[in-house]
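A.B. asks: Let me give you the structure first, and then I'll get to my questions.
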Amino acid sequence: MRKLDVLNRIVQTGITAVVRAKDEEMAEKISAACIKGGISSIEITFTVDGAENVIRSLRKKFSRDELIVGAGTVLDSETARIAILSGAEFIVGPSFNPEVAALCNRYQIPYIPGCMTIKEMIIAMEAGADILKVFPGSALGPSFIKAVKGPLPHANLMPTGGVSLSNVQEWIKNGCVAVGVGGELTAPAKTGDYDKITELAKAFIEKIKEARK
């Protein structure tokens, strides 16, 4: 049941904040700013040194009503298991990995693998992936979603990379169940402007709501 709850939250929120940072402290501050702005789905990438510590800390500081936390840039099953033991509730990778898929299925943790072609998407879905990360979104564009929905109307697509305030509504209207947003949301952290991140989070949430009407 927990797996279904997590998937529903990702879709209902409509946006997952992809958090990359220079250290654990920055990652936590970015996450808190996003949560304050209404984004309750946070992906801590394993490019952050001590990512598992950030996941563990966020899980302790925020209730499940406030936050679902996942692990990103997961390249292998070993990393996936570390993330899950640290409290990660979903696993995201830049590409599909069958060992990660098997492990996530074993523990009933949603797996969101990166896919760029129809063939990759079909392979991922056959392995049990409930949501597919269309990646890199910047290379494909919103029109790609509409094209994929022709042969694969049942595919649950979530682009990451290339999603901005100016095009997020197009992604949603073309059939995405949610979007992943990194630098377009979190860049103000580089200058310590976490209030700006909260402001951007609110703007993304509002645009997604409008697009779904």
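The values are calculated or read from the model by the stated rules, or taken from the named source; none is laboratory data. What you see is a predicted model; the values in this text were computed from it and never measured. With ideal geometry, Cβ positions are generated from the backbone for all residues, glycine too; neighbour counts draw on all protein chains shown. The area values use the complete protein model at the heavy-atom level, side chains included, leaving out ligands, DNA and RNA. Shrake-Rupley method; radii C 1.70, N 1.55, O 1.52, S 1.80 Å.
A.B. asks: If only one of 184, 199, 206 is exposed (fewer than 14 other Cβ atoms within 10 Å of the Cβ) and within 18 Å of residue 35 (Cα to Cα), which one is it? Let's see the steps before the verdict.
C.D. replies: On the way: 184 fails: exposed (fewer than 14 other Cβ atoms within 10 Å of the Cβ); 199 fails: exposed (fewer than 14 other Cβ atoms within 10 Å of the Cβ).
Being exposed (fewer than 14 other Cβ atoms within 10 Å of the Cβ) and within 18 Å of residue 35 (Cα to Cα) holds for just one of 184, 199, 206, which is 206.
A.B. asks: Would you mind stating whether residue 17 is open to solvent by less than 10 Å² (accessible area, probe 1.4 Å) and under 23 Å from residue 107 (Cα atoms)?
C.D. replies: Working: open to solvent by less than 10 Å² (accessible area, probe 1.4 Å): yes; under 23 Å from residue 107 (Cα atoms): no.
In short, no.
One line per residue, one yes/no per condition, for (1) farther than 21 Å from residue 2 by Cα; (2) of a type in the set (Gly, Ala, Ser); (3) modelled with pLDDT of 95 or more:
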residue: 105; (1), (2), (3): no, no, yes
residue: 114; (1), (2), (3): yes, yes, yes
residue: 118; (1), (2), (3): yes, no, yes
residue: 128; (1), (2), (3): no, yes, yes
residue: 138; (1), (2), (3): yes, yes, no
residue: 154; (1), (2), (3): yes, no, yes
residue: 162; (1), (2), (3): yes, yes, no
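A.B. asks: Does any residue of region 7-14 turn out to be crowded, with 22+ Cβ neighbours inside 10 Å and either among the hydrophobic types (A, V, I, L, M, F, W, C) or in contact with a Phe, Trp or Tyr (Cβ under 9 Å, 6 or more places away or on another chain) (or both)? Step through it out loud before you land on a result.
C.D. replies: The first filter runs over region 7-14 and keeps only residues crowded, with 22+ Cβ neighbours inside 10 Å, leaving 10, 14.
With the extra rule that they be either among the hydrophobic types (A, V, I, L, M, F, W, C) or in contact with a Phe, Trp or Tyr (Cβ under 9 Å, 6 or more places away or on another chain) (or both), the set shrinks to 10, 14.
Within region 7-14, one or more residues are crowded, with 22+ Cβ neighbours inside 10 Å and either among the hydrophobic types (A, V, I, L, M, F, W, C) or in contact with a Phe, Trp or Tyr (Cβ under 9 Å, 6 or more places away or on another chain) (or both).
A.B. asks: Go through (1) touching a residue at least 40 places away in the same chain (Cβ under 8 Å); (2) crowded, with 20+ Cβ neighbours inside 10 Å for residue 94 and report which single condition fails.
C.D. replies: (2)
A.B. asks: Let me ask something else. Scan region 143-177 for residues that are outside any loop (DSSP other than H, G, I, E, B) and touching a strand residue (DSSP E or B) at 6+ places or on another chain (Cβ under 8 Å) and report the count.
C.D. replies: Initial filter on region 143-177 (outside any loop (DSSP other than H, G, I, E, B)): 143-148, 157-160, 168-173.
Right, trim to touching a strand residue (DSSP E or B) at 6+ places or on another chain (Cβ under 8 Å) and you get 144-145, 148, 157-160, 168, 171-172.
Total meeting the criteria: 10.
A.B. asks: Exactly one condition in (1) open to solvent by 60 Å² or more (accessible area, probe 1.4 Å); (2) in contact (Cβ under 8 Å) with a residue 24 or more places away in the chain; (3) under 17 Å from the mean Cα position of the chain (by Cα) is false for residue 158; which is it?
C.D. replies: Of the numbered conditions (1) open to solvent by 60 Å² or more (accessible area, probe 1.4 Å); (2) in contact (Cβ under 8 Å) with a residue 24 or more places away in the chain; (3) under 17 Å from the mean Cα position of the chain (by Cα), the odd one out for residue 158 is (1).
A.B. asks: When you scan region 132-150, do you find a residue that is open to solvent by 30 Å² or more (accessible area, probe 1.4 Å), within 23 Å of residue 68 (Cα to Cα) and among the small types (Gly, Ala, Ser), even just one?
C.D. replies: No - not one qualifying residue is present in region 132-150.
A.B. asks: Give 55, 84, 30, 35 a once-over and let me know the one that is of a type outside the set (Gly, Ala, Ser) and either within 21 Å of residue 162 (Cα to Cα) or touching a Lys or Arg at 6+ places or on another chain (Cβ under 7 Å) (or both). Talk me through it step by step, then tell me what you get.
C.D. replies: Details: 55 fails: either within 21 Å of residue 162 (Cα to Cα) or touching a Lys or Arg at 6+ places or on another chain (Cβ under 7 Å) (or both); 84 fails: either within 21 Å of residue 162 (Cα to Cα) or touching a Lys or Arg at 6+ places or on another chain (Cβ under 7 Å) (or both); 35 fails: either within 21 Å of residue 162 (Cα to Cα) or touching a Lys or Arg at 6+ places or on another chain (Cβ under 7 Å) (or both).
Going through 55, 84, 30, 35 in turn, the sole match is 30.
A.B. asks: Here is a further query. Is at least one residue of region 48-67 open to solvent by less than 10 Å² (accessible area, probe 1.4 Å), in contact with a helix residue (DSSP H, G or I) (Cβ under 6 Å, 6 or more places away or on another chain) and either under 16 Å from residue 184 (Cα atoms) or touching a residue at least 40 places away in the same chain (Cβ under 8 Å) (or both)?
C.D. replies: no
A.B. asks: Restricting attention to region 36-47, and to residues there that are open to solvent by 30 Å² or more (accessible area, probe 1.4 Å) and free of Cβ contacts under 8 Å to residues at least 60 places away in the same chain, which single residue is farthest from residue 7 (Cα to Cα)?
C.D. replies: To start, the set of residues in region 36-47 that are open to solvent by 30 Å² or more (accessible area, probe 1.4 Å) comprises 36, 38, 46-47.
Then drop every residue that is not free of Cβ contacts under 8 Å to residues at least 60 places away in the same chain, which leaves 46-47.
Values: 46: 21, 47: 24 Å.
Here the residue is 47.
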